[in-house]
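Everything below concerns the one structure shown next.
The values are calculated or read from the model by the stated rules, or taken from the named source; none is laboratory data. As the structure is a computational prediction, the values presented were derived from the model and not from experiment. Neighbour counts are summed over all protein chains in view; Cβ atoms, including those assigned to glycine, are modelled from backbone coordinates with ideal geometry. SASA here: full protein model, heavy atoms, side chains in, ligands and nucleic acids out. Shrake-Rupley method; radii C 1.70, N 1.55, O 1.52, S 1.80 Å.
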Amino acid sequence: MDVAKEILTKIKAYQTIIIHRHQRPDPDAIGSQVGLAEIVRASFPDKKVYQVGGSVEGLEFLAKMDDVTDATYQNALVIVTDTANSPRISDERYNLGAELIKIDHHPNDDPYGDLVWVNTKASSCSEIIADFYHLNEDELTMNNNAARLLYAGIVGDTGRFLYPATTAHTLEVAAELMAYDFSAADLNRELEKMPMRVAKLAGYVYQNIYVDEFGAAKIMLPQSLLNEYGIVDSETAAIVSLPGAIENVVAWGIFVEQPEGYYRVRLRSKGPVINELAKKHHGGGHPLASGANAKNQKEVDEIYTEIQQLCKTYKNKG
Ligand code: AMP
């Protein structure tokens, strides 16, 4: 039996299904999580389906989360979407259920779960959920809200169909979702909307970015600056892709100082693979979009030096 059928068999076997995603959710985390929840609800109205993981700051227009008690996990099926590593799962009670399923599009470095569906070729986890629906179309129901959520996840993770993970299949899936009754234009506007303070931070990024001769770029966002602009960590998501638009920039790191003093590092690349570098620094992710952590300025410098080396090797290859 293929994995999409196996997952459906599990869903059918359980009365309670609890769906998790990763911490600091982005549109694909929420889109895949709640998109799946909505499909299961629409298909099996008698089942109890919960979406959990706490607040979704800035993404409330997509969905709200449910509060569940520990007792709810008894005899429940737990599904986690869009989350490569178990420590990143939002709400550590994911282990309290009877069975655990992982559905993801990141490299499968941590194959947690009794059943795992990982497709690293998918643009987004939302695309995989749309595939899950298609592969079981005779037994599942899509509705307008599920389509809206999955569309949002695909738009979010592909940078509006810009990044290389966007395939012909991605566009086919997006086209089918768009045929449901929601306004893709309104949704796109909502997704790109930013407060003025974030727009000003974008200006700061372009004014202060450092780019070396090989296209390795770096921007430091110390706590003092975030406080001055009134920015919280989650809002830096809006500026992560900006350096990619600058000609000559090949790969970049955005070093966001945390209140505790360490740095969250957001890594992006237009060519050199950067997730191995991320893994060396308590992180991971996709070949061209990863995250890591630096405990102090010394580790920040080490990471930037490694980005420079990757860019140099990449440029020399040609
Ligand atoms: P971000 O910069 O947070 O948008 O992350 C980009 C990608 O890297 C996402 O796909 C994350 O799953 C992954 N990622 C970010 N931080 C970590 C981490 N600490 N450990 C593993 N993967 C991460």
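Accessible area of region 40-193 with a 1.4 Å probe: how many percent of it is carbon plus sulfur?
Values: 3470 of 7250 Å².
Using a 1.4 Å probe with all protein chains present, region 40-193 comes out at 48 percent carbon and sulfur.
Could you tell me the relative contact order of the chain? Use alpha-carbon pairs under 8 Å, at least six residues apart, and round to a whole percent.
Values: 612 pairs, mean separation 40.8, N = 318.
This gives 13 percent for the chain.
Sequence neighbours fewer than 8 away in the same chain don't count; with that in mind, list the lysines whose C-alpha is under 23 Å from Lys12.
Excluding near neighbours in sequence, the set is Lys47, Lys48, Lys102.
With every protein chain present, what is the per residue accessible area of the chain (1.4 Å probe, Å²)? Write down the numbers at each step before the final one.
On the way: 14580 Å² over 318 residues.
Accessible surface, normalised per residue, equals 46 Å².
Would you mind calculating the relative contact order of region 3-192 from Cα pairs under 8 angstrom and at least 6 residues apart, reporting the percent as a whole number? Kindly include the intermediate steps, with their values, before the conclusion.
Working: 383 pairs, mean separation 45.8, N = 190.
The value is 24 percent.
Give the cross-link partners of Lys64 among the aspartates and glutamates, using a straight C-alpha distance below 19 Å as the criterion and excluding same-chain residues fewer than 8 apart.
Within the straight-line limit of under 19 Å, Lys64 reaches these aspartates and glutamates: Asp26, Asp28, Glu38, Asp82, Asp91, Glu92, Asp186, Glu190, Glu235.
When only DSSP loop residues count, what GluC sites (Glu not before Pro) in region 37-129 have their Cβ near at most 14 other Cβ atoms within 10 Å? Spell out each step's value before the answer.
Details: sites: Glu38, Glu57, Glu60, Glu92, Glu99, Glu127; in loops: Glu57, Glu60.
When the GluC sites (Glu not before Pro) of region 37-129 are filtered for loop state and at most 14 Cβ neighbours within 10 Å, Glu57, Glu60 remain.
Using the Cα gyration tensor of region 27-119, with a ≥ b ≥ c the square roots of its eigenvalues, what is the shape: rounded (a/c below 1.5), prolate (a/b larger than b/c) or oblate (neither)?
Working: a/c = 1.36, a/b = 1.11, b/c = 1.23.
Taking the square roots of the gyration eigenvalues as a ≥ b ≥ c, region 27-119 is rounded.
So which lysines can Lys312 reach, going by Cα to Cα under 17 Å and dropping same-chain residues fewer than 8 places off?
Straight-distance partners of Lys312: Lys218, Lys270.
So, with +1 on the Cβ of K and R and -1 on the Cβ of D and E, and no other charges, what is the size of the charge dipole of the chain about its Cα centre, to the nearest 20 debye?
Values: 31 positive and 44 negative charges, 138 e Å.
About 660 debye.
In the chain, what is the volume of the convex hull around the alpha carbon atoms, normalised per residue and reported in Å³? Walk me through the intermediate numbers first.
Numbers: hull volume 43.2 nm³, N = 318.
Per-residue hull volume (Cα only) is 136 Å³.
Using just the helices of the chain, give the 222 nm mean residue ellipticity in deg cm²/dmol: DSSP H runs with n ≥ 4 each add -39,500 (n - 2.57), and the total is spread over all residues, rounded to 500.
Values: 10 runs with 121 residues, N = 318.
For the chain, the value works out to -12000 deg cm²/dmol.
What's the longest uninterrupted piece of the chain once you rule out the trypsin sites (Lys or Arg not before Pro) that are loop residues per DSSP with at most 16 other Cβ within 10 Å? If you can, show how the numbers build up before the last one.
Numbers: sites that count: Lys47, Lys64, Lys121, Arg160, Lys193, Lys270, Lys295.
With trypsin sites (Lys or Arg not before Pro) excluded where exposed in loops, the chain gives 194-269 as its longest stretch.
Could you tell me whether region 3-192 comes out rounded, prolate or oblate from its Cα gyration tensor? Rule is a ≥ b ≥ c as square roots of the eigenvalues, rounded for a/c under 1.5, then prolate if a/b exceeds b/c, otherwise oblate. Could you put the intermediate results ahead of the total?
Details: a/c = 1.41, a/b = 1.37, b/c = 1.03.
Cα axes put region 3-192 in the rounded bin.
Once the whole set of protein chains is in place, how much accessible area is left on Met65, using a 1.4 Å probe, in Å² to the nearest 10?
Counting only protein heavy atoms, Met65 exposes about 40 Å² to solvent.
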